[in-house]
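Worksheet: one structure, shown below.
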Amino acid sequence: MYVTLLVAACLGLAVPLCGSIAARGTSDMLLDRINDTARFAGLAETGVLTGEADALIGELAAYDQLYGILVVIIDREGRVVASSREGVVPVVMALRSGPGGELPEVVRSALAGHRTGTDTVVYPWQRGPLIVAEPIDRSGEVLGAAVTASPTGSLRRATLVQWCAAWAAVVALMVAGIAAAGPLTRWVLRPIDDLDEATRAISGGSLDVRVRAAAGPVELRRLGESFNRMADTIASMLESQRTFVAYAGHQVRNPLAALRLRVDGLARHLTPEGAEGHRLALDEVDRLARVCDSLLTLARTEDAGHSMVWEDVAEVADDRVSSWAPIAERAGAVLVREGDTGVRVRCVEGTLDQTLDALIDNALKFGGPGVRITIRTRRTQEGPDGGSHVDVHVVDDGPGLPESDLEQATRPFWRDGHVGAGGSGLGLSIVVALLEMQGAQLSLRPASPRGIDARIRLRA
């Protein structure tokens, strides 16, 4: 942009400057020719009237010999009365003469009583002479015209030399400006580049990166300082959230460990009929422990890769169906699992369990009596990124939600207004954060003919 403006400005100045140089050189020559032509017009008045031009011819010849300028005196009929050279008639007739051998326009205008040639500008590419014509009049009556034809070779050469000097100065200015444009634009845009690098680093998880606000225009330095303050605020908020989540997850683990010991100690007091319920209770305590571990993982997302495990999707789904079956039975709901088996995914331990628990809990809570909840597992050969995926659908036939509410349901603390439903509005937002941390997705869509289709997409 700088180079374009510089070139446009230099050309916008150079072209009028060249025109001004040509006009000034022509004006200097015209001033001399007009004075000389007017003097010859005054001297030629008597000769035109009487026809005696011997003395006038001598004056014209001396002038022509000294300056090399052709001078012609003509009467009102266009006939040559006197000239500074012999055989001048063909020369005069050739000077910009019109079709049919007519006199030049400047000569005919002079015979009409007008001084001509004063608005001429000689440019280096023009080859003809500079013609100036002055009417010869007496008491308002035009008797003829005095015409001078000046060679323009020296004028054109002088104009061309000045043009070359002007263009050399313009080119030097453009070269200097283009050479300075690089450092100048780098100085102006350095804060923008620093801001771009900082935003990329922060989006990649490096929350301690800041913009260097010591160089560049003052407006961009202020922008960098504002960005740094914003980044400090966000980093402080995230650190506070991580600290709270880590504290909560850690504090709950100890009571859970004690609870598991007590539940495990009840095994020797149980009858054979209660063994299965005891086993399920231990499984739930273990699942709660994994939920706490997920909270700790969420608090330190940079270490998420260390807790990745392989899990069989169908086995996890069957396990969650078995765990929720008593609750679904008491609620009058039907909970089934369908779809592919033997499909494994790599994910953070406990993520799939926690996600299915949150979705089944919501379906039972908001689906109403008699709701049917189906968990389907399906492997897709190719996803949006070209890889293989596993889709786990939790579909219910409850009343569902409008599409606008489905888009907001995964936001923290969002509530749909059900009275007495309970909950904090955090379940789905937590599992969404855990899924996104490992490249998985949770999407909510309307089911057909009614209800909600919650799809979990994981990499196979």
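Bear in mind these aren't lab numbers, they're just calculated from the coordinates by the rules spelled out. Treat the numbers as computed from the prediction; the structure is a model and nothing was measured. Neighbour counts are summed over all protein chains in view; Cβ atoms, including those assigned to glycine, are modelled from backbone coordinates with ideal geometry.
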Excluding THR37 itself, what net charge comes from residues whose Cβ is under 14 Å from its Cβ, given Lys and Arg +1 and Asp and Glu -1?
-4
Only bridges with both residues in the chain count here: give the DSSP antiparallel percent, nearest 5.
90 percent
What FRET efficiency would be calculated for the residue pair PHE244, ARG459, taking the C-beta separation as r and a Förster radius of 22 Å, to the nearest 0.05?
0.15
Here P(r) for segment 99-203, Cα-Cα distances in 10 Å bins, as whole percents, is 12, 21, 17, 12, 11, 10, 8, 6, 3, 0
Estimated FRET transfer efficiency (ALA181, GLU407; beta-carbon r; R0 60 Å; 0.05):
0.80
Highest average packing first - 271-284, 365-378, 389-402, 213-226, Cβ atoms within 10 Å
389-402, 365-378, 213-226, 271-284
With Cα coordinates, the longest principal axis of the chain makes an angle with the long axis of helix 153-203, in degrees rounded to 10, of 10 degrees
Global geometry of segment 133-254, whether rounded, prolate or oblate, following the gyration tensor of its Cα atoms and the 1.5 cut on a/c
prolate
For a Förster distance of 56 Å, can you work out the FRET efficiency between the beta-carbons of ALA165 and VAL142, rounded to the nearest 0.05?
0.80
Hey, if you put +1 on the Cβ of every Lys and Arg and -1 on every Asp and Glu Cβ in segment 2-157, which of SER139, PRO16, SER27 ends up farthest toward the positive end of that dipole?
PRO16
For THR50, what is the net charge nearby, where nearby means another residue's Cβ is under 14 Å from its Cβ and Lys, Arg count +1, Asp, Glu -1?
-3
Solution diffusion estimate, µm²/s, Stokes-Einstein, segment 2-157, Kirkwood Rh from C-alpha pairs, 37 °C, viscosity 0.692 mPa s
197 µm²/s
Please tell me the relative contact order of the chain in percent, rounded to the nearest whole number, where contacts are Cα pairs under 8 Å and at least six residues apart.
9 percent
